[in-house]
Amino acid sequence: MKKPSSALRKEIDAQLRQAIALRFSKPHEAERLSRQALKQAETIGDARRTAQAHLSLARLAFDKSEFEQVIEHCNTVTRRSSKSLDLLGDAQVLSGLVQWQKGNHPSALECYLSAINLWKKSKLNTSDLQVRLCSVFVNIGHLYTETSHYEKALDNYFRAMSYMTDQTDAHVRSTVLRSIGSVYEYLQDFDRAIDFDKQSLEIVLETKNRIGESVTRYNLGNALWLKGCLKESLTELERASDVAKAIGDKRIEVGAEVIQAAVLADLGEKEKFIERTQNLLERVDAIGIADMRTKSREILAKSFMTLNQPEKALPLFEETLSLATQFNLSIVVAEVQQELSKYYERQREFEKALSCFKQAVEILEKQRRAEAEQKLLLYEVERRVKTLEAEKQKLSSEVEKLRYELKKKKELTEKEQEHILKEIHISNPQLAKRLHQLAPKITPSELKTAELLYAKLTTKEIAQVLRVSPRTVETHRENLRKKLGLNKSQSLVAVLQTM
């Protein structure tokens, strides 16, 4: 017997809730449930639940670094869920995360700001909006952290904190505090870094969040090590490793053991250091994370130098340099070149020392210029978003004036037509680019029609502006719907408004 739609909707909702709960512990089961929910939602033609299932699959794809799949799911949501502004915002965040992973920080920021705009226009209740805003400001903070703009990063992390309530998910609260701690660590303000890490640790211990505990203890142990509190550091790192081992997180388990070995070297515990490092790099390599493989070798090489064993440090420095070059980790290359410079200086090979130092300086100068460019681009995105908001307000006034003029006269002059099209294009210069991406075969006439629809002109008004018949405009509208893959229930104007 066929299930009624209401029962199917409840079943879909339950599957999606379960998929969220199993996302990190049982991703394969979460994917199975999401695909099942998607199939059922499509069967009953439920656009919102179909979009939710696509977003669930997009998050799972992101966890597996399958970025093309993420974008494909997000584009589907954008095309088919024009009425659900909250879900369109969620899709923008996922697109932003992909751009972040690809190192395209300005595009990521643009996606995040677009998401904020969509959420504020949606009918989200205050609590749901605050949860989303908190999360996205953390993401923006990460962008500024990675471009070494620490003041901006802290500003966004603290902004995220301002959206926290007693109902805010404990995982989000602990993540924000830990992120702030990481920035202070970069700023070498280790006391503040340790304080925020400890606040984060309190939350994860209270909520028995074992994943959060292992990461936070690792961060805390690292900050304590950098401050010089070696015995305290060793205790936290050992706990981090034990918790990570219990939950099967090899990355934190082995990463903590690498730092533990470095702490033992700093304490002068040569035998314990050697015992700890046996087979450690093999375990690091088995995890297969590029940055971890290179940094672990760099840390252990420095530790051999601390223990006055340069002959064991040199091969590790050379391996680190090779891996960092292979994986395009320019900062690590510069760091290793500086360490090699110190090594050759101790060996009294001054020409080699000078050569390594010069290479390090060249890389750091290039990196400094790249970071400066990224900062400027990020600022430019922020300024452009503010400008677009102002242009939108201006456009509303212009459209009202235009409607008044169109009522008075039947036909516009070529100059008046050109002015109107130019003003509307300026209000959203990204619209044409986005339409070309989604519908490569779009014609110039269809593009102009789309831009006028974006300004919310009627078919009759568009016909007057373009100096064509209303029937021609209807043809353009129908062609746009087909090329964008819209179904009958979707509003073309609403879709264009989200681009």
Diffing region 310-322: the Karplus 3J(HN,Hα) column from phi (6.51, -1.76, 1.60, θ = phi - 60°), in whole Hz with x for Gly and Pro, holds x, 5, 8, 6, 4, x, 5, 4, 5, 5, 4, 4, 5
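Below 8 Å, C-alpha to C-alpha, sequence gap of six or more: please give me the relative contact order for region 123-231 in percent. Before the final figure, lay out each step's value.
Numbers: 120 pairs, mean separation 22.4, N = 109.
For region 123-231, the relative contact order is 21 percent.
At 0.36 nm per residue, minus the direct Cα-Cα distance, what do residue 494 and residue 421 gain on full extension? Give it in nm, one decimal, please.
24.3 nm
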Give the accessible area for residue 31 in Å² (nearest 10); use a 1.4 Å probe, count only protein heavy atoms, and leave out ligands, DNA and RNA. 40 Å²
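Please report the orientation-averaged projected area of the chain, defined via the convex hull of its C-alpha atoms, in nm².
Numbers: hull surface 115.7 nm².
So the Cα hull casts an average projection of 28.9 nm².
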What residues of region 428-454 lie in the reach of a label at residue 478, counting those whose backbone N is under 16 Å from a point 7 Å from the Cα along Cα→Cβ? 446
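Work out the FRET efficiency for residue 275 and residue 5 from their Cβ-Cβ distance, taking R0 = 56 Å, and round it to the nearest 0.05. Don't skip to the end; give the middle numbers.
On the way: r = 64 Å, r/R0 = 1.15.
Computed FRET efficiency for residue 275 and residue 5: 0.30.
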Which length gain, in nm to one decimal place, applies between residue 36 and residue 165 when the Cα-Cα distance is subtracted from 0.36 nm times their residue separation? 43.0 nm
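Let's see if you can work this out: charge +1 on each Lys and Arg Cβ, -1 on each Asp and Glu Cβ, no other charges. What is the dipole magnitude of the chain about its Cα centre, in debye to the nearest 20?
Values: 81 positive and 71 negative charges, 596 e Å.
Dipole size: approximately 2860 debye.
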In nm, spacing of pseudo-spin labels at residue 355 and residue 487 (7 Å Cα→C-beta vector): 6.6 nm
Relative compactness, region 172-294, computed as alpha-carbon Rg over 2.2 N^0.38 Å: 1.02
What shape does region 201-357 take by its C-alpha gyration tensor, where a ≥ b ≥ c are the square roots of the eigenvalues and a/c under 1.5 counts as rounded, a/b above b/c as prolate, and the rest as oblate? prolate
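Please work out the ratio of the alpha-carbon Rg of region 127-173 to 2.2 N^0.38 Å and round it to two decimals.
On the way: Rg = 10.6 Å, N = 47, 2.2 N^0.38 = 9.5 Å.
Ratio of Rg to 2.2 N^0.38 Å for region 127-173: 1.12.
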At what distance in nm do the modelled label points of residue 235 and residue 308 sit from each other, each positioned 7 Å from its Cα along Cα→Cβ? 3.1 nm
Quick one: what do you get for region 1-144 if you divide its Cα Rg by 2.2 N^0.38 Å? 1.05
Using the Kirkwood radius over C-alpha pairs as Rh, can you work out the diffusion coefficient of region 85-158 via Stokes-Einstein at 10 °C, viscosity 1.306 mPa s, in µm² per second? 131 µm²/s
Contour minus end-to-end for residue 290 and residue 208, with contour as 0.36 nm per residue of separation and end-to-end as the Cα-Cα distance? 26.5 nm
Kirkwood Rh in Å, taken over all unlike Cα pairs in region 427-490: 12.0 Å
Applied in sequence order to region 323-337, the curve 6.51 cos²θ - 1.76 cosθ + 1.60 (Karplus, θ = phi - 60°) yields integer Hz couplings, x standing for Gly and Pro, of 5, 4, 5, 4, 8, 6, 9, 4, 5, 5, 4, 4, 4, 5, 4
At what distance in angstrom do the alpha carbon centres of region 48-77 and region 260-294 lie from each other? 37 Å
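Just add up the charged neighbours of residue 323: K/R +1, D/E -1, any other residue whose Cβ is under 13 Å from the Cβ of residue 323. Before the final figure, lay out each step's value.
Working: positive: 293, 295, 297; negative: 285, 291, 298, 318, 319, 335.
My count for the surroundings of residue 323 gives -3.
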In nm, to one decimal, how far is the modelled label at residue 29 from the one at residue 226, with both set 7 Å along Cα→Cβ? 3.8 nm
Quick one: what are the phi-derived ³J(HN,Hα) couplings along region 292-303, Karplus 6.51/-1.76/1.60 with θ = phi - 60°, whole Hz, x for glycine and proline? 5, 4, 6, 5, 4, 5, 4, 4, 5, 4, 4, 5
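Only helical DSSP H runs with n ≥ 4 go in: add -39500 (n - 2.57) per run for the chain, normalise by residue count and round the 222 nm mean residue ellipticity to 500 deg cm²/dmol.
Value at 222 nm, helices only, nearest 500: -27500 deg cm²/dmol.
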At 1.4 Å probe size, with no ligands or nucleic acids counted, give the accessible surface of residue 291 in Å², nearest ten. 80 Å²
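The values are calculated or read from the model by the stated rules, or taken from the named source; none is laboratory data. The shown structure was predicted, so the numbers you read here are calculated from the model rather than taken from an experiment. Positions of Cβ are generated from backbone atoms using ideal geometry, with glycine treated the same way; all protein chains shown enter the neighbour counts. With ligands, DNA and RNA removed, areas are computed over all heavy atoms of the protein, side chains included. Shrake-Rupley method; radii C 1.70, N 1.55, O 1.52, S 1.80 Å.
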